[in-house]
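Peer 1: Take this structure, written in structure tokens, and hold onto it; I'll ask about it next.
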Amino acid sequence: VQLQASGGGLVQPGGSLRLSCAASLSIFSFRKMAWYRQAPGKQRELVADITSSGGTNYADSVKGRFTISRDIAGKTVYLQMNSLKPEDTAVYSCTGDRVGFLRIWGQGTEVTVSS
């Protein structure tokens with residue numbers, strides 16, 4: 001089982017990016033999928049997660065700016081990031097939790113917010 005994250009890049013403050021996390025099996029196989037980020041010199045933090053039933057949860061720092069969603073085909077989870085700030089600069093990774101299995105981590109995608 002693999003998760004493939006993509007969509008990172010360099011964006012100016014106030015700009016937008018959409019990250020994608022493609023799974024090698026149906027995302028509905030996961031009890032929960034999430035996006036984490038780790039900025040240089042800082043601890044990794046949860047950004048947002050989505051459960052198999054569609055419930056979502058966000059870090060306070062991104063509420064109202066970021067949206068986690070999934071595609072109808074059930075193969076990709078997205079993180080739409082709007083009104084980006086320099087403090088959003090980090091490596092973003094997606095994860096998947098299945099009952100009875102260890103958490104799966106995808107490789108990170110780097111987001112840099114700078115003018």
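Values quoted throughout were computed directly from the atomic coordinates according to the rules given, and no laboratory measurement underlies them. Quick caveat: nothing in here was measured; it's all calculated off a predicted structure. Every residue, glycine as well, gets a Cβ built from its backbone with ideal geometry; the counts of neighbours run over all protein chains shown.
Peer 1: Near Lys75, which lysines are there with a Cα under 16 Å away, not counting those fewer than 8 places off in the same chain?
Peer 2: Lys32
Peer 1: May I pose another question? Only Cα pairs within less than 10 Å get springs; with that Gaussian network setup on the chain, which residue of Leu79, Leu19, Leu102 has the largest fluctuation?
Peer 2: Highest fluctuation among the options: Leu102.
Peer 1: What distance in nm separates the two pseudo spin-label positions at Ser83 and Val99, each 7 Å out from Cα along the beta-carbon direction?
Peer 2: 3.8
Peer 1: Expressed in whole Å with the largest first, what are the equivalent ellipsoid semi-axes of the chain derived from the C-alpha gyration tensor as the square root of 5 times each eigenvalue? Don't skip to the answer; put the middle values down first.
Peer 2: Values: eigenvalues 107, 38, 33 Å².
After diagonalising the Cα gyration tensor, the semi-axes are 23, 14, 13 Å.
Peer 1: For Arg103, what charge total do you get from the other residues with a beta carbon under 13 Å from its beta carbon, if Lys and Arg give +1 and Asp and Glu give -1?
Peer 2: Numbers: positive: Arg31, Lys32, Arg44, Arg98; negative: Asp49, Asp97.
Around Arg103, the charge tally is +2.
Peer 1: For Thr56 and Gln4, calculate 0.36 nm times their separation in residues minus their Cα-Cα distance, and state this gained length in nm to one decimal.
Peer 2: 16.7 nm
Peer 1: Right, here's the next one. Return a whole-number percent for the relative contact order of the chain, with Cα pairs under 8 Å and 6 or more residues apart as the contact set. Let's see the in-between values first.
Peer 2: On the way: 289 pairs, mean separation 42.9, N = 115.
Answer for the chain is 37 percent.
Peer 1: Run the Debye formula on the Cα coordinates of the range 42-84, all scatterers equal and no solvent, and tell me log10 I(q)/I(0) at q = 0.29 1/Å.
Peer 2: With one equal scatterer per Cα and no solvent, log10 I(q)/I(0) is -1.10.
Peer 1: Using the alpha-carbon centroid of each, what span in Å lies between the range 53-69 and the range 1-42?
Peer 2: A separation of 13 Å, based on Cα centres.
Peer 1: Considering the zone a paramagnetic label at Ser114 would reach in this model (a point 7 Å from Cα along the Cα-to-Cβ line), which residues of the range 85-101 have amide N under 14 Å from it?
Peer 2: Only 86-91 pass the distance filter.
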